1. Here are the criteria: (1) in contact (Cβ under 8 Å) with a residue 60 or more places away in the chain; (2) open to solvent by 60 Å² or more (accessible area, probe 1.4 Å); (3) within 13 Å of the chain's Cα centre (by Cα). Tell me which single one residue B:114 does not satisfy.
2. Just checking, how many residues over the stretch A:68-97 are within 14 Å of chain B (Cβ to nearest Cβ), open to solvent by less than 60 Å² (accessible area, probe 1.4 Å) and either of a type in the set (A, V, I, L, M) or in a loop (DSSP other than H, G, I, E, B) (or both)?
3. Residues in the stretch B:57-79: is at least one closer than 26 Å to residue A:101 by Cβ, surrounded by fewer than 17 Cβ atoms within 10 Å (Cβ to Cβ) and either of a type in the set (A, V, I, L, M, F, W, C) or at the interface with chain A (Cβ under 10 Å from one of its Cβ atoms) (or both)?
4. Looking at B:37, B:6, B:25, which is the one that is in contact with a Cys (Cβ under 6 Å, 6 or more places away or on another chain), among the polar types (S, T, N, Q) and open to solvent by less than 50 Å² (accessible area, probe 1.4 Å)?
5. Please determine whether any residue of the stretch B:88-97 is open to solvent by 10 Å² or more (accessible area, probe 1.4 Å) and assigned to a strand (DSSP E or B).
6. Out of all the residues in the stretch A:23-67, which are among the hydroxyl-bearing types (Ser, Thr, Tyr) and either more than 14 Å from chain B (Cβ to nearest Cβ) or open to solvent by less than 30 Å² (accessible area, probe 1.4 Å) (or both)?
Amino acid sequence: GDSVTQMEGPVTLSEEAFLTINCTYTATGYPSLFWYVQYPGEGLQLLLKATKADDKGSNKGFEATYRKETTSFHLEKGSVQVSDSAVYFCALPGTYKYIFGTGTRLKVLA
Amino acid sequence: ETGVTQTPRHLVMGMTNKKSLKCEQHLGHNAMYWYKQSAKKPLELMFVYNFKEQTENNSVPSRFSPECPNSSHLFLHLHTLQPEDSALYLCASSQDGRDTGELFFGEGSRLTVL
């Protein structure tokens, strides 16, 4: 069946460091792919998405490229800020449900 | 109000109590979802309603009872819960559950079962 595998956390970085959070998926066909973010005390919110192979989603300095050949959708940011501290979820949508990764907690230190 | 609103934000209940969680969306969506978020576990989909019809029930114990009176409101009725049911319960909505686009989440109801 469809699945999402996301790197384990927590990830601790200093401000302005480079961030990569790995996500790979298994799916039939070529679904859209999403990254959601959950800030402390809040629900999840969409960070970015890509709807087809080779698409790059971007938002708030974060980027992720839909790589069909490696079935990956890794999240990257060139220079993280303290305000980026949150939990990040890779997600694979389907009919009546989403498949979420386990979430990766990011902590950015000033 | 806009978006997805959940009440109460925090709830403490004993194992013999009966309580309800409420979710309301002001986005004109037709699909609503309940998710359970426990520490160190993946998000668990509990129930899905699409156009007020329940389409998913992921083997959720009967002590959790959902209700969707219309496309804007979703309830989760709780009774005789167990301490392991303590978690953050997230409500979400989307335009149509058959073609899942973006999910919009509420801030969650933090439930503690004593």
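1. (3)
2. Within the stretch A:68-97, residues that are within 14 Å of chain B (Cβ to nearest Cβ), open to solvent by less than 60 Å² (accessible area, probe 1.4 Å) and either of a type in the set (A, V, I, L, M) or in a loop (DSSP other than H, G, I, E, B) (or both) number 5.
3. Within the stretch B:57-79, the first condition is being closer than 26 Å to residue A:101 by Cβ, and the residues that meet it are B:57-61, B:64, B:66, B:74, B:76.
Adding the requirement that they be surrounded by fewer than 17 Cβ atoms within 10 Å (Cβ to Cβ) leaves B:57-59, B:61.
After this cut, where a residue has to be either of a type in the set (A, V, I, L, M, F, W, C) or at the interface with chain A (Cβ under 10 Å from one of its Cβ atoms) (or both) as well, the list is B:58.
Yes, that holds for at least one residue.
4. B:6
5. Filtering the stretch B:88-97 down to residues open to solvent by 10 Å² or more (accessible area, probe 1.4 Å) leaves B:88, B:95-96.
Subsequent filtering for residues that are assigned to a strand (DSSP E or B) retains B:88.
Yes, the conditions are met somewhere in the stretch B:88-97.
6. Within the stretch A:23-67, A:24, A:25, A:26, A:28, A:30, A:36, A:58, A:65, A:66 qualify.
The values are calculated or read from the model by the stated rules, or taken from the named source; none is laboratory data. If you're wondering where the values come from, they're calculated on a predicted model, not measured in any experiment. Here the Cβ is made from the backbone with ideal geometry for all residues, glycine too, and neighbour counts use every protein chain on show. Each accessible area value is taken on the protein alone, full model and side chains, heavy atoms only, with ligands, DNA and RNA left out. Shrake-Rupley method; radii C 1.70, N 1.55, O 1.52, S 1.80 Å.
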